[in-house]
Amino acid sequence: MASGSFTQPPTGGALEIDITTFFLSLGSSALIHLGDASMPDGTKAVDLEMAHQSIDLLALMKEKTKGNLSPEEARFLESLIADLRLRYVQKTQSSPAAHP
C-alpha cells in the first residue's frame, strides 16, 4: 500500500457510509454551491453551474438506482432532489444573469 494511503476507518463517532449518506453528501454540495450553506472555511459563495451539476448527479443516481432502493431511501432521494431544484429555480429567478 502506498505511503499516506487510507488503511483504517476513522474513529470517534464517524458516520456509517450508506447510500443515504452519499445522497446527503451530494445534496450538501449543492446547498454550498447555491450559497445556502457555508463552505468548510465558513465562507459562502454561489456557483449555480456547480449546484446544477450536483442536482443532476442526484437525478442520475435516482434513475440508476430505480428499483434498488428501499422505500425510505427512494422517498429521501426524491424529496432531496425536489427541494434542491426548488432552491435552484429560486436562485436563478433572483439572479437572471447567473444561469449556467
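The values are calculated or read from the model by the stated rules, or taken from the named source; none is laboratory data. Being a predicted model, the structure only gives us computed values, none of them experimental. We place every Cβ from the backbone using ideal geometry, glycine too, and count neighbours over all the protein chains shown.
Quick notes
- Check on Pro100, at pLDDT below 95 and in contact with a helix residue (DSSP H, G or I) (Cβ under 9 Å, 6 or more places away or on another chain): yes
- Selection count, the stretch 37-80, where residues are more than 19 Å from Ile19 (Cα to Cα), surrounded by 14 or more Cβ atoms within 10 Å (Cβ to Cβ) and more than 12 Å from the chain's Cα centre (by Cα): 3
- Residues in the stretch 84-94 that are among the charged types (D, E, K, R) and in contact (Cβ under 8 Å) with a residue 40 or more places away in the chain were compared, and the one that is farthest from Ser25 (Cα to Cα) is Lys91.
- Among the residues of the stretch 26-64, the ones that are among the hydrophobic types (A, V, I, L, M, F, W, C), in contact (Cβ under 8 Å) with a residue 40 or more places away in the chain and touching a helix residue (DSSP H, G or I) at 6+ places or on another chain (Cβ under 6 Å) come to 4 in all.
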